[in-house]
Amino acid sequence: MADSAQAQKLVYLVTGGCGFLGEHVVRMLLQREPRLHEIRVFDLHLGPWLEDLKTGTQNVIEACVQTGTQFLVYTSSMEVVGPNTKGHPFYSIKSFLSLPRGNEDTPYEAIHKHPYPRSKALAERLVLEANGRKVRGGLPLVTCALRPTGIYGEGHQIMRDFYRQGLRLGGRLFRAVSASVEHGRVYVGNVAWMHVLVAREMEQRAALIGGQVYFCYDASPYKSYEDFNMEFLGPCGLRLVGTRPLLPYWLLVLLAALNALLQWLLRPLLLYAPLLNPYTLAVANTTFTVSTDKAQRHFGYEPLFSWEDSRTRTILWVKATEGSAQ
């Protein structure tokens, strides 16, 4: 959210500014926004059973209207679209000469049963529908939503969890997903850069950007989640066991359902958040690849960090979290 009442001085409010992506957005603003006057960071550390994302988003929109803040960038997610629970791959077949990557116009049956994608989809819709509302002072509110693919990089808790799990298993991780499943992953620094760039361009390109959604991706290679994670965990001493999934898919489905049941039973007593549940299993086993042509056309997005730089930075962070497994 940016307030540009003064042409040369910008004030940014970063909601969730203490989180994984939020910290990188704050750092990117400090490094890359020459007109920065002030950053205001807002963050509430609430558990997933207490947080109402839809209500929170509506409050942010109303705050924009009441304070005269004209520009709002919403951090959405690819999971607003999918993968869906039917396991349908996400891509668009253009021709035999081009890669079948999905985009913002690719038809896809979005089926939201898990709370996270359902709440993100509702919040994104609220933000986009608010585009054009009059804010204090009479100017129109300009909104857009960014949909990152799976984010990785320094501070990624799930990457840290996989690393520690591998250490406990003697430096091994066991393959659970076929290597043929492809996912688009994006470095957190490039996601932060897209946020800064679109916020910078919204004032001059309000008619073009307002009310739009943009997938957020970079040049990271398309691989399965496990093979992609090994790009970082391998140099830290872990190895992935098996060229094929060691457990049949039906057994993974059973284990995921058991975890979901335990989560429901333990909810009154403690927060049980297993890595494997029906939703994460469906996501990991469904091909989901995107392109970012629209962001490049509308506001000139190009990744700030190359794949080699992103990989090196992430490896160094993993090694620094708890020492190498070598």
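The values are calculated or read from the model by the stated rules, or taken from the named source; none is laboratory data. The structure displayed is predicted, hence computed values, not measured ones. As a convention, Cβ positions derive from the backbone with ideal geometry for all residues, glycine included, and neighbour counts pool all protein chains shown. Areas reflect the complete protein model, heavy atoms only, side chains present, ligands, DNA and RNA absent. Shrake-Rupley method; radii C 1.70, N 1.55, O 1.52, S 1.80 Å.
How are the Cα pair distances of the chain distributed, in percent, across 10 Å bins from 0?
5, 24, 34, 25, 10, 2, 0
Under the Karplus relation 6.51 cos²θ - 1.76 cosθ + 1.60, θ = phi - 60°, what is the ordered set of whole-Hz ³J(HN,Hα) values for segment 194-204, x standing for Gly and Pro?
Working through the residues one at a time gives 4, 4, 5, 5, 5, 4, 5, 8, 4, 5, 7 Hz.
What number does segment 237-300 give for Rg over Rh if you use C-alpha atoms and the Kirkwood radius?
Details: Rg = 17.8 Å, Rh = 15.0 Å.
Reported Rg/Rh, Kirkwood definition of Rh: 1.19.
Among Y12, Y74, Y272, which one shows the highest mean-square fluctuation when the chain is modelled as a Gaussian network with alpha-carbon springs under 10 Å?
In this elastic network of the chain, the residue with the biggest mean-square fluctuation among Y12, Y74, Y272 is Y272.
Could you sort K9, K113, K223 by their accessible area in this structure, using a 1.4 Å probe and putting the largest first? Kindly include the intermediate steps, with their values, before the conclusion.
Working: K9 95, K113 145, K223 65 Å².
Of K9, K113, K223, the descending order of accessible area is K113, K9, K223.
Out of all DSSP beta bridges with both ends in the chain, state the antiparallel percent to the nearest 5.
Values: 6 of 31 bridges.
If we restrict to bridges inside the chain, about 20 percent are antiparallel.
Calculate what fraction, in whole %, of the accessible area of the chain sits on carbon and sulfur atoms when a 1.4 Å probe is rolled over the protein chains.
Of all accessible area on the chain, carbon and sulfur atoms account for 56 percent.
Kindly report the accessible area of the chain per residue (heavy atoms of protein chains, probe 1.4 Å, no ligands, DNA or RNA), in Å². Each step should come with its number before you reach the end.
On the way: 16380 Å² over 326 residues.
Heavy-atom accessible area per residue stands at 50 Å².
Through the Karplus equation 6.51 cos²θ - 1.76 cosθ + 1.60, θ set to phi - 60°, convert the phi angles of segment 61-74 into ³J(HN,Hα) values in whole Hz; use x for Gly and Pro.
Taking θ as phi minus 60°, the curve returns 4, 5, 5, 4, 4, 6, 9, x, 7, 9, 10, 9, 9, 9 Hz for segment 61-74.
Would you kindly derive the ³J(HN,Hα) couplings of segment 234-248 from the backbone phi angles with the Karplus curve 6.51 cos²θ - 1.76 cosθ + 1.60 (θ = phi - 60°), listing them in order in whole Hz, with x for Gly and Pro?
Result, ordered by residue: x, x, 9, x, 8, 9, 9, 8, x, 8, 10, x, 6, 10, x Hz.
What value, in deg cm²/dmol to 500, does the helix sum -39500 (n - 2.57) over DSSP H runs of n ≥ 4 give at 222 nm once divided by the residues of the chain? Spell out each step's value before the answer.
Details: 11 runs with 130 residues, N = 326.
That calculation yields -12500 deg cm²/dmol at 222 nm.
Using heavy-atom solvent-accessible surface (probe 1.4 Å) with all chains present, what is the largest-first order of I315, I111? Please list the in-between numbers first.
Working: I315 20, I111 40 Å².
In descending accessible area the options line up as I111, I315.
Roughly what would the spin-label model give for L261 and L139, points 7 Å off Cα along C-beta, in nm?
It is 5.7 nm.
For the chain, with only Lys/Arg (+1) and Asp/Glu (-1) charged at the beta-carbon, what is the dipole magnitude about the Cα centre, in debye rounded to 20? Could the numbers behind the result be given before it?
On the way: 34 positive and 28 negative charges, 72 e Å.
I would put it at about 340 debye.
Pull up all non-local amide H partners of S224: gap of 5 or more, or a different chain, and H-to-H distance under 5 Å with H placed in the peptide plane.
H183
Provide Rg and Dmax in Å for segment 201-326, with only Cα atoms included in the calculation.
19.7, 54
For the full complex of protein chains and a 1.4 angstrom probe, list E109, E182 by accessible area with the highest value first. Please report the intermediate quantities before stating the final value.
Numbers: E109 90, E182 60 Å².
Listed by decreasing accessible area, they come as E109, E182.
Which of the peptides 192-200, 158-166 is most tightly packed, and how do the rest follow, going by the mean number of other Cβ atoms within 10 Å of each residue? Mind showing how you got there, number by number?
Working: 192-200: 23.6, 158-166: 17.3.
Most protected by this proxy first, the peptides run 192-200, 158-166.
From the P(r) of segment 112-248, can you give the percent of Cα pairs sitting at distances over 21 Å?
Details: 5300 of 9316 pairs.
Above the 21 Å cut-off, segment 112-248 has 57 percent of its Cα pairs.
Taking the dipole about the Cα centre of segment 166-208, with the C-beta of Lys and Arg at +1 and of Asp and Glu at -1, give me whichever of L167, S180, L208 is farthest to the positive side.
Going by the Cα projections, it comes out as L167.
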